[in-house]
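I have placed the structure first, in the form of structure tokens, so that the comments after it can refer back to it.
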Amino acid sequence: MKTGFIYSRILSEGQRDGTGLTRQTGAELVNYILSLGHVVGGTPKLQDVASGYHGDNLVGDLGIFLDAVESGLVKSGESFLAIEDWDRLTRLTPWDAIPTFQSIINHNVDLLTYMDGEARWYTLASLKGNPNLLDEVLDGMKSAHYFSKKLAARIKGMYKRKIAENAIYSGSVPSWIVKKYGAINPRSGRSSIIGFELGIGGDAWWGDGGLGCGVSSGNG
């Protein structure tokens, strides 16, 4: 019998109203763990509202779990971490993500992915005995990272087009600009300084360090 710690992650508070957390920690996963004679540990639940793409969850509950693994509070050989899929654990590049995975496995703490009724187990013994399993891990990490990377590029491109069309502006603006429904317009009587202050048509608008759009990449 081992103790399973279920970890879930969403990107933003706004996603709490969705089904993500329930799906990641639901009865199906719990029942699967119990059916194997294991127990579910962790009070409160391991749960982060943070970006996996930027590794922000490494200083959240996931980081607390990793510290507990390192210190021995999570028992070696008697514990495992359960996640829905690799993208819940991390969306970092595989090079940056693999140390997190190794820090768990090398302490003889197993890792379980469980999605759509399919369970995959990764243990120190199985990874040493079957090198192909490491390829599977890296493929999962690559998919998680590049999905977010492509999504971020699409969102950034969309915002650039909208800004070019003066259709949206999501950053902060000076007091002499009216921001309404994403559009920006000068307040009455202040239009003469707009060109100078914003540098419209020059590097101050588009260039690094200029007045940028301040857009979140949107990746999770």
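Is there a residue in the stretch 35-47 that is closer than 17 Å to T100 by Cα and surrounded by 15 or more Cβ atoms within 10 Å (Cβ to Cβ)? Yes: one or more hits. Just give me the residues in the stretch 69-110 being outside any loop (DSSP other than H, G, I, E, B) and surrounded by fewer than 16 Cβ atoms within 10 Å (Cβ to Cβ), in sequence order. Those that are outside any loop (DSSP other than H, G, I, E, B) and surrounded by fewer than 16 Cβ atoms within 10 Å (Cβ to Cβ): E70, S71, W95, D96, P99, Q102, S103. Residues in the stretch 111-120 that are modelled with pLDDT of 95 or more and surrounded by 14 or more Cβ atoms within 10 Å (Cβ to Cβ): L111, L112, T113, Y114, R120.
Looking across the stretch 113-140, the residues that are closer than 20 Å to F5 by Cβ and either in contact with a Ser or Thr (Cβ under 7 Å, 6 or more places away or on another chain) or among the hydrophobic types (A, V, I, L, M, F, W, C) (or both) come down to M115, A119, R120, W121, L124, A125, L127, V137.
The values are calculated or read from the model by the stated rules, or taken from the named source; none is laboratory data. This is a predicted model, so every value here is computed, not measured. Note that each Cβ is placed from the backbone with ideal geometry, even for glycine, and that neighbours are counted across all protein chains shown.
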